[in-house]
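For reference, the structure discussed in these notes is given below.
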Amino acid sequence: MIDTKELRIGNVIYLNGKKTAVSSDDIAFLAKCQLMGIGCESTPVKVTEEMLNGLGFMFEFENVSNRVYSKEGINILIHHSDGLSLYNNGEKIGKSFFYMHQLQNLWFSLLGREITNP
């Protein structure tokens, strides 16, 4: 189960087996489940290269340990062993991540707007 403290309205997760953008009601429901110790089914959506392409990221290059995608001057490095990292002007932003809601949250905190399809 995903910690509701990590979620914002619009974050993409699997809720009861269905990929969905969470609503305020969903977050409240999951918070209630956590508070009561009930195992509600919520799992993160792993970021894939297909998702990055769908969000408008362009493949830049690949080396021995990384694949690099970019959008609006922001780079995402896909480390073959450590997940993904977000870079702005060569500076790493936040910690490495694996999941879509984490990318959405980093993007919003960096640019002040939601990440969207082109």
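The values are calculated or read from the model by the stated rules, or taken from the named source; none is laboratory data. Keep in mind that what you see is a predicted model, and the values were worked out from it rather than measured. Note: ideal-geometry Cβ built from the backbone for every residue, glycine included; neighbour counts use all protein chains shown.
Kindly indicate whether Y99 is of a type in the set (S, T, Y) and over 26 Å from T4 (Cβ atoms). No.
Matching residues to (1) aliphatic (A, V, I, L, M); (2) within 20 Å of I13 (Cβ to Cβ); (3) not assigned by TED's automatic domain parsing to the domain that holds Y14:
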position	(1), (2), (3)
S70	no, no, yes
G73	no, no, yes
I76	yes, yes, yes
E91	no, no, yes
Y99	no, yes, yes
Q104	no, yes, yes
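For V47, the criteria (1) without any contact (Cβ under 8 Å) to a residue 60 or more places away in the chain; (2) surrounded by 12 or more Cβ atoms within 10 Å (Cβ to Cβ); (3) on the phi > 0 side of the Ramachandran plot hold in every case but one, which is (3).
Taking region 86-101 as the range and being free of Cβ contacts under 8 Å to residues at least 24 places away in the same chain and within 11 Å of the chain's Cα centre (by Cα) as the test, only S96 passes. Does I76 satisfy the criteria of being surrounded by 12 or more Cβ atoms within 10 Å (Cβ to Cβ), touching a Ser or Thr at 6+ places or on another chain (Cβ under 9 Å), modelled with pLDDT of 95 or more and among the β-branched types (V, I, T)? Here the answer is yes, as I76 does meet what is asked.
The residues of region 5-20 that are over 13 Å from N105 (Cα atoms) and surrounded by fewer than 18 Cβ atoms within 10 Å (Cβ to Cβ), listed by number, are Y14, N16, G17, K18, K19, T20. Which members of region 79-118 meet the condition of being under 18 Å from E49 (Cβ atoms), out of contact with any Asp or Glu (no Cβ under 8 Å at 6 or more places or on another chain) and part of a strand (DSSP E or B)? Of everything in region 79-118, those that are under 18 Å from E49 (Cβ atoms), out of contact with any Asp or Glu (no Cβ under 8 Å at 6 or more places or on another chain) and part of a strand (DSSP E or B) turn out to be H79, G83, L84, S85, L86, Y87, F97, Y99.
State yes or no: is S24 of a type in the set (S, T, N, Q) and surrounded by 12 or more Cβ atoms within 10 Å (Cβ to Cβ)? Here the answer is no, as S24 does not meet what is asked.
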